[in-house]
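Single-structure report; data block below.
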Amino acid sequence: MTTRRELLQTSAAITLLGAMAQPRRGAAAAGPPIRVGCSITQTGPYSAPAVFELQGYQLAAAELNKAGGVLGRPIEIVAYDDQGNPSTAVQLYQKLIHSDRVDLLVSPYEADLVLAVAPLVTRARMVMPSLGANIEPYQGKYPYLIQAITQTPRYMVPVIDLAASRGYKTVALLVQNTQFPQELAKGIADEATAKGMSVVFREAYAPTTTDFSALVLKAAERKPDVIIGATYLADAMGIVHAAKAENVQAKMFAFSIGPVEPEFGKGLGPAAEGIFGTTLYFPSLKTAGNEAFVADFTAKFGRAPDYHAAVAYASLKVLAGAVQRVGSLDQDKILRALLQTQTDTVVGRFALSPTGMQTGYTSYVLQWQKGKQELVWPREQATAPVELPHPAW
Amino acid sequence: MATFATLVVLGLLWGGVYLLMAEGLNLIYGVMKVVNLAHGDFIVLGGLLALTLFGRYGLSPVVAFPLAAALLFVIGAAVQGGVLERILLAKPEGELRTLLATFGLSYVVANTSFLIWGSQFQSIPFLQSAFAVGPIAVPQGLLACSLLAAALAVAVHAWLRHTAVGRAVRATAQSALGAAACGLNVRRLRIVTFALGAAMAGGAGALVIALVPFQTSSGGDLTVQAFTLIALGGLGSYLGAWLAAELLGITEVMAQYYLGSDAAAAVIYLVFIAVLVFRPQGLLGRTMRI
């Protein structure tokens, strides 16, 4: 994930969290703990989503320990605070690998940090389930990284699916000119073409853009059925602002990142109504073990899990499963086992390409309805029916 | 034709928004020759205050505007009186020292805001619709900001020209030493000016957050944008800043439409560089300076 999702988060800078991962009942797991290392942005502006991720790891470790640990040994999480700084993360992974000599590694948050530590982790020949969505690292460049989050080009596949199911034919694409949205836009265009739709407008804008009026007017001149933004939060809000103020109509408005954030609804109020977004996870999902995950997470941390928590939780569970099957901590064997793993997680079906790219996870479509996010697609996961077409502003 | 007219209207209105966000900086620079690098952070602080007033008490940005302005007035007065007045301006390094002090201040303001509001982008749903004038849609939010920017510019201009305090401020701008020799309390005048400049930033933020989502780290970009604008207009010139704002607004909207959005971001700075090369004194040079 390249997005930086933040809520105000006062996170205590706890660096060593071993205590949280100790077996509760004492009896089941024995022997020296298996130490799982990571750096997490526990403080600073990017800490809010990262702390969700850490809590996901913590819950996974606690559950594994309750069930007897891995290879009969308890799991202990060794987490340091990288403060969102890539060079700090590099130093911390150095420390984890060479001085702490942890047994397993899991991923930091977010994509910049994953990319920063990738060469180091690869040199050390240690497997790392990674939470970076762009696909380049997993195409042979870093063979020990496996992708444990939905790959970028697939982020909006279900949105196209929903649009196609309504018979919509034309798409206008507004793309922030940075790496994640550009890779995403390519995925959207490919999927739309595959579904028999045509991209009638496509334009990139600088990430500093705040006024979208002319861009939105230009897109509207092609009379697209669907206007899709490969965006983050601020630009998604800017595009909706411009569309409403210029009274630009389309049958459907959808954005990659933006509507998933609560601030989207708060900041746009009535203008957010009917807008679609994507998410990688939703607490209502009917996926394997999700009900228990949501209940346990809420009980342990006093808030519902978000998608960062869910993908992190799933990634440690999948890694532990591979270790258990291999029967040892041999990193090459674990890697081979992971590449063959196909399993159902709280996020969805986990499966990898031969080079470690995530091919199982997809995303889910949500829509703002009456001031709330509802999951509307795919249909079997829906919490409310889809409301289409988009009404006049 | 309707499209072209719409683009012109949008450009002019966005120009007004840019002017609104630059007026406080222009006043402070005009009088004290100090570039307040915390200017953008003041704007963001005003905006986030409006956000809280809206979210917690349901108060519209119209009510938040004077409150944010008042709060920033107090903060501005405290900063000038407590910090900047104590920095020796006399030597050439003086300007650098105040620059560094306001740079530090911008970190203090931004990080304090972060502790209170977090780092997510925030906005307020306010005046989102448009008036239809024939085939042209005139967005209400943009119009309100533009009108307010114009009103503020006129008010500041009148204050500086036609009131005793305003004249004293201009006297201080021309020669602090001369003004002091005539018995003016130069220190107090500078405090009032800085506080007013900060208040204008805070008030602007309370409205602009409804148009452009802010996060606590947005301040730096806003400072650069405002500084570009007043440099383009001829530092300290009010008419110049207004012209520059409209020029930027129109250029941006037209470039976005005809050249593409990616190019638009560059075009503005190309215009800026051209002005610096061919007209380093700004569009209007020394005319209409404070």
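Among the residues of the stretch B:107-127 satisfying the criterion of being of a type outside the set (A, V, I, L, M, F, W, C) and either in contact with a Pro (Cβ under 7 Å, 6 or more places away or on another chain) or crowded, with 20+ Cβ neighbours inside 10 Å (or both), which is nearest to B:L37 (Cα to Cα)? Going through the qualifying residues, I end up with B:S113. Candidates are the residues of the stretch B:254-284 that are assigned to a loop (DSSP other than H, G, I, E, B) and within 14 Å of chain A (Cβ to nearest Cβ); the one that is modelled with the highest pLDDT is B:L259.
Just one of the listed residues (A:G196, A:G187) is of a type in the set (G, A, S), surrounded by fewer than 22 Cβ atoms within 10 Å (Cβ to Cβ) and closer than 20 Å to A:D235 by Cα, and it is A:G187. Scanning the stretch A:237-258 for residues that are part of a strand (DSSP E or B) and either free of Cβ contacts under 8 Å to residues at least 60 places away in the same chain or β-branched (V, I, T) (or both) returns a single hit, A:F255.
Residues in the stretch A:215-236 that are modelled with pLDDT under 95, assigned to a loop (DSSP other than H, G, I, E, B) and buried (at least 23 other Cβ atoms within 10 Å of the Cβ): A:T231, A:Y232. Of the listed requirements (1) out of contact with any His (no Cβ under 8 Å at 6 or more places or on another chain); (2) crowded, with 20+ Cβ neighbours inside 10 Å, A:Q94 misses just one: (2). The helices (runs of 4 or more DSSP H) located wholly in the stretch B:157-222 that include 1 or more residues which are within 14 Å of chain A (Cβ to nearest Cβ) and on the phi < 0 side of the Ramachandran plot occupy B:186-208. Does the stretch B:91-104 contain at least one residue that is under 30 Å from B:V34 (Cβ atoms) and part of a loop (DSSP other than H, G, I, E, B)? Looking for residues that are under 30 Å from B:V34 (Cβ atoms) and part of a loop (DSSP other than H, G, I, E, B), one finds at least one in the stretch B:91-104, hence yes. Restricting attention to the stretch B:245-273, the residues that are without any contact (Cβ under 8 Å) to a residue 40 or more places away in the chain, surrounded by 20 or more Cβ atoms within 10 Å (Cβ to Cβ) and among the hydrophobic types (A, V, I, L, M, F, W, C) add up to 2.
Screening A:F264 on (1) at pLDDT below 95; (2) away from chain B (no Cβ under 13 Å) shows it passes everything except condition (2). A count restricted to the stretch A:97-132 and to residues that are crowded, with 24+ Cβ neighbours inside 10 Å and of a type in the set (A, V, I, L, M) stands at 9.
Scanning the stretch A:199-214 for residues that are surrounded by fewer than 24 Cβ atoms within 10 Å (Cβ to Cβ) and either facing chain B (nearest Cβ under 7 Å) or touching a Gly at 6+ places or on another chain (Cβ under 9 Å) (or both) yields A:E203, A:A204, A:A206, A:T208, A:T209, A:T210. With a requirement of 2 or more residues that are in the same structural domain as A:G269 (by TED's automatic domain parsing) and out of contact with any Ser or Thr (no Cβ under 9 Å at 6 or more places or on another chain), the strands (runs of 3 or more DSSP E) lying completely within the stretch A:285-393 that satisfy it span A:364-369.
Scanning the stretch A:205-236 for residues being closer than 20 Å to B:G15 by Cα, under 24 Å from the mean Cα position of the chain (by Cα) and either in contact (Cβ under 8 Å) with a residue 40 or more places away in the chain or not assigned by TED's automatic domain parsing to the domain that holds A:R166 (or both) gives a total of 1.
The values are calculated or read from the model by the stated rules, or taken from the named source; none is laboratory data. This one's a predicted model, so the numbers in the text were calculated from it and none came from an experiment. With ideal geometry, Cβ positions are generated from the backbone for all residues, glycine too; neighbour counts draw on all protein chains shown.
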